[in-house]
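Single-structure report; data block below.
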Amino acid sequence: MSETDFQTARLRVQDWAPVLADADRRAQLEPKLLAMLTPPVLKYLPPSLAVPDGGITAWIDARRDKARVSLIWQQDALIGLMFLMDIGTEGELRIGYMLAEQVWGQGIGSELVQGLIAQLAQGPKRHLSGGVEVGNLASARILQNAGFTRDPAQSSDELDMFTRMIG
């Protein structure tokens with residue numbers, strides 16, 4: 001079990017590597033991901049997260065090379081992805097996530113971040129950060145409500161960086 005596998009009251013968060021390793025399960029996952037990656041979901045994310053002309057297979061391969069990716073399930077429905085990237089050498093992690101439009105406004109993002117914090121708190125002390133494009137007030141609130149504070153030194157005119165110590 002990965003450190004990014006955990007459950008909350010409504011969510012099951014699972015490393016996607018075992019799913020991708022199974023051809024049948026991957027074939028079932030790809031159209032679900034493609035359906036979830038709508039323009040509103042991608043609006044505040046970096047352009048590199050757009051689905052390329054090579055399709056969802058190329059998109060998955062690009063994500064797999066850059067971060068630990070977890071699938072977010074609510075019951076049997078795929079409702080999002082969580083990205084966890086190792087930054088530096090001191091156990092610093094950066095979180096990113098995207099949620100399907102149909103679950104916006106239901107507290108899923110807050111529940112996800114709180115669940116990750118609870119999971120990581122069981123391990124060594126960590127520095128967790130998350131970037132939010134300026135204007136994405138909902139994501140900024142999720143991080144602030146989870147105890148993150150804006151770091152002016154790491155923020156820019158386009159991106160607010162939020163940080164928090166875990167453990």
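Looking only at segment 48-60, filter to residues that are outside any loop (DSSP other than H, G, I, E, B) and under 16 Å from the mean Cα position of the chain (by Cα); which one of those is surrounded by the fewest Cβ atoms within 10 Å (Cβ to Cβ)?
Selected residue: S48.
Condition check: of a type in the set (V, I, T), in contact (Cβ under 8 Å) with a residue 60 or more places away in the chain, touching a Lys or Arg at 6+ places or on another chain (Cβ under 8 Å) and closer than 21 Å to F148 by Cα. Does I87 satisfy that?
no
Scan segment 94-114 for residues that are surrounded by 21 or more Cβ atoms within 10 Å (Cβ to Cβ) and either of a type in the set (K, R) or more than 21 Å from N136 (Cα to Cα) (or both) and report the count.
0
Does segment 116-125 hold any residues that are under 15 Å from R68 (Cβ atoms) and either modelled with pLDDT of 90 or more or acidic (D, E) (or both), and which are they?
Going residue by residue through segment 116-125, those that are under 15 Å from R68 (Cβ atoms) are 116, 119-120, 123.
Result: L116, Q119, L120.
Criterion first (outside any loop (DSSP other than H, G, I, E, B), at pLDDT 90 or above, in contact with a Ser or Thr (Cβ under 6 Å, 6 or more places away or on another chain) and among the hydrophobic types (A, V, I, L, M, F, W, C)) does V113 satisfy it?
no
Within segment 64-84, take every residue that is of a type in the set (D, E, K, R) and touching a residue at least 24 places away in the same chain (Cβ under 8 Å) and give me the one that is surrounded by the most Cβ atoms within 10 Å (Cβ to Cβ).
Within segment 64-84, the match that is surrounded by the most Cβ atoms within 10 Å (Cβ to Cβ) is R68.
For residues that are in contact with a Phe, Trp or Tyr (Cβ under 6 Å, 6 or more places away or on another chain) and among the small types (G, A, S), scanning just segment 115-138, find the one that is surrounded by the fewest Cβ atoms within 10 Å (Cβ to Cβ).
G115
The values are calculated or read from the model by the stated rules, or taken from the named source; none is laboratory data. Everything quoted here is computed from the prediction, not taken from an experiment. FYI the Cβ positions are ideal-geometry reconstructions off the backbone, even for glycines, and counts take in every protein chain you see.
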